[in-house]
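Structure record follows, encoded as structure tokens.
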Amino acid sequence: MDALGGCGGANGFWGWNGFNQRRKKKNNSSGDRRNQRNSGSSDSVDVSRDSSGYRFPLKQAVTAGALTFTGDTIAQLSGRWKKRAAALKQSSSDKPDEEELWNIFSEHDWVRALRMSSYGFLLYGPGSYAWYQYLDRSLPKPTATNIVLKVVLNQVILGPSVIAVIFAWNNLWLGKISELGNKYQKDALPTLLYGLRFWVPVSILNFWVVPLQARVAFMSMGSVFWNFYLSSTLSN
């Protein structure tokens, strides 16, 4: 972004009414420095804006990426803990020792974590933010009818889209894109139905209470639990 002010205004006419000219120069220089600082501040704010004017929703993307990472981490730790607990039942030990606990944490699948968090950062965060902006522009009044419409549209359009995209993203990372059709047939519908029970009440709160700028964060917090379920489903 170009600076809002230049330095040309500071080129006073030296020698004309010395005091007034020096005063003008000082005022102009101060104004230029303020403009340059403001310009620098604007540049730092708009680092995510490209030449076409599109502003990447960095805050929402980072939030979604961090929370999908958290959900996957909980899913991984929970899965390993259940396996260790089942193994302990078959042994003489009644609780895991320090080595067992360390193994639970040290065996973390970082590629799987990156796969989930990159989905949140690159796809879910920006995509859902654009979707909520569209809904808010289309149905701006917080009436009961509009809230119901937003919840229905969320489940009919966003829900299936999210499931379709994350399944495809996961299989693409795993190099199993040819198996995507079978994955949809096996897990897509049960995942969608489970999601309806979870997301309908969450969506009502999201559209009724939460302001637009916080909706991605709120839904992403719900996604910690949802991503726990998704990550467990995708790893099966």
**Residue within region 85-95 that is modelled with pLDDT of 80 or more, open to solvent by 70 Å² or more (accessible area, probe 1.4 Å) and in a loop (DSSP other than H, G, I, E, B) present** = no
**Message:** Looking only at region 144-181, how many residues end up being open to solvent by less than 70 Å² (accessible area, probe 1.4 Å), among the aliphatic types (A, V, I, L, M) and at pLDDT below 90?
**Reply:** 2
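Does region 137-150 contain at least one residue that is of a type in the set (K, R) and not in a helix (DSSP H, G or I)?
There is at least one residue in region 137-150 that is of a type in the set (K, R) and not in a helix (DSSP H, G or I).
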**Prompt:** Among the residues of region 130-145, which ones are out of contact with any Leu (no Cβ under 9 Å at 6 or more places or on another chain) and either touching a residue at least 60 places away in the same chain (Cβ under 8 Å) or among the aliphatic types (A, V, I, L, M) (or both)?
**Reply:** A130, P142, A144
**Request:** Could you list, in sequence order, all residues of region 120-143 that are surrounded by fewer than 18 Cβ atoms within 10 Å (Cβ to Cβ), over 15 Å from V165 (Cβ atoms) and not small (G, A, S)?
**Result:** Q133, Y134, D136, R137, L139, P140, K141, P142, T143
**Asked** Could you give every pair whose Cβ atoms fall below 8 Å, whose first residue belongs to region 148-161 and is closer than 17 Å to P190 by Cβ, and whose second residue is among the polar types (S, T, N, Q), counting only separations of at least 6 or pairs across chains?
**Response** Q155/S203
**Request:** Determine whether R115 is open to solvent by less than 60 Å² (accessible area, probe 1.4 Å), modelled with pLDDT under 85 and not hydrophobic (A, V, I, L, M, F, W, C).
**Result:** no
**Prompt:** Taking the stated definitions as given, is Y184 assigned to a helix (DSSP H, G or I), open to solvent by 30 Å² or more (accessible area, probe 1.4 Å), touching a residue at least 12 places away in the same chain (Cβ under 8 Å) and over 24 Å from T63 (Cβ atoms)?
**Reply:** yes
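The values are calculated or read from the model by the stated rules, or taken from the named source; none is laboratory data. Source: prediction; values computed, not measured. A quick note on method: Cβ atoms are made from the backbone with ideal geometry, for glycine too, and the neighbour counts reach across all protein chains shown. For accessibility, only protein heavy atoms count, side chains too; no ligands or nucleic acids. Shrake-Rupley method; radii C 1.70, N 1.55, O 1.52, S 1.80 Å.
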